[in-house]
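To start, the structure itself, in structure tokens.
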Amino acid sequence: MQKLLIAVDSLSTWFGKACAWSVVALTGLISWEVFSRYVLNDPHAWVLDAQIMLYGLLFMTAGAYTLAKNGHVRGDVLYGFFKPRTQASIDLTLYIIFFLPGIVALTWAGWTFANESLAIREQTFNADPIPVYPFKFVVPVAGAFLLLQGIVEIIRCVICIQTGEWPKREEDVEEVDVDKLKEMVHVKDADIEALDSLVTKKGGQ
């Protein structure tokens, strides 16, 4: 089960990181449009719509990644003092009452919304229209990833209620392991103490 949970975490992480490259495209597009508008005096009406779509892509697809990293905002003034079983019970209740109905509705409605847009080949309303329907499929896709990750979080809650401990998550950004770093560079505690004493003496002078 733990391998399955980590596998879904990895999928959500990959999806989020892949879509995060839209930041590069968004930055490049804005920079090019600023140059084109103010230096070349050649603005493009479609660029603003493209910027909104890229930002929407980034915003929507970050949901599953953030949930996989347990990074969503939580009012944990009291939550942090509870035992893991109590935390898991609260999370499980909230996932069932609020999360599942909301995300299922988002995914279902998003799929219908996107297909209706595809049927009419929807475009933006400006002097230089661009297609909207490919972007609208981001809604159900992002919803499906978020729903899958949510199901994994529900399983984690059930496991925590049974065992009293939260299952481990996939590590994304690891903190520096000082002991391992010492081994890699062949530094001993005595060497650090000697260096610290030397810095202290020079600082006193």
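Only one of 69, 83 is farther than 23 Å from residue 9 by Cα and not aliphatic (A, V, I, L, M). Can you tell me which? Please lay out each step first, then the result.
Details: 69 fails: farther than 23 Å from residue 9 by Cα.
Exactly one residue qualifies, and that residue is 83.
Can you tell me which residue among 13, 61 is assigned by TED's automatic domain parsing to the domain that holds residue 124, in a helix (DSSP H, G or I), in contact with a Gly (Cβ under 8 Å, 6 or more places away or on another chain) and within 18 Å of residue 143 (Cβ to Cβ)? If you could, list the steps in order and put the result at the bottom.
Values: 13 fails: in contact with a Gly (Cβ under 8 Å, 6 or more places away or on another chain).
Result: 61 is the single residue among 13, 61 that is assigned by TED's automatic domain parsing to the domain that holds residue 124, in a helix (DSSP H, G or I), in contact with a Gly (Cβ under 8 Å, 6 or more places away or on another chain) and within 18 Å of residue 143 (Cβ to Cβ).
Look at region 3-48 and say how many of its residues are surrounded by 11 or more Cβ atoms within 10 Å (Cβ to Cβ) and under 24 Å from residue 155 (Cβ atoms).
So the answer is 13.
Would you pick out the residues in region 64-85 that are among the small types (Gly, Ala, Ser) and under 12 Å from residue 153 (Cα atoms)? It would help to see each step written out before you state the result.
Quick first cut of region 64-85, residues among the small types (Gly, Ala, Ser) only: 64, 68, 71, 75, 80.
Of everything in region 64-85, those that are among the small types (Gly, Ala, Ser) and under 12 Å from residue 153 (Cα atoms) turn out to be 64, 68.
Out of all the residues in region 44-52, is one or more more than 20 Å from residue 138 (Cβ to Cβ) and assigned by TED's automatic domain parsing to the domain that holds residue 141?
yes
For region 64-90, name all the residues that are exposed (fewer than 13 other Cβ atoms within 10 Å of the Cβ) and in a helix (DSSP H, G or I).
Residues satisfying the conditions are 79, 80, 81.
Would you check if residue 110 is assigned by TED's automatic domain parsing to the domain that holds residue 9, under 18 Å from the mean Cα position of the chain (by Cα) and not aromatic (Phe, Trp, Tyr)? Steps first, please.
Values: assigned by TED's automatic domain parsing to the domain that holds residue 9: yes; under 18 Å from the mean Cα position of the chain (by Cα): no; not aromatic (Phe, Trp, Tyr): yes.
The answer is no for residue 110.
The values are calculated or read from the model by the stated rules, or taken from the named source; none is laboratory data. Note that the structure is predicted; figures quoted are calculated from it, not measured. Cβ sites come from the backbone with ideal geometry, for glycine too, and all protein chains shown count toward neighbours.
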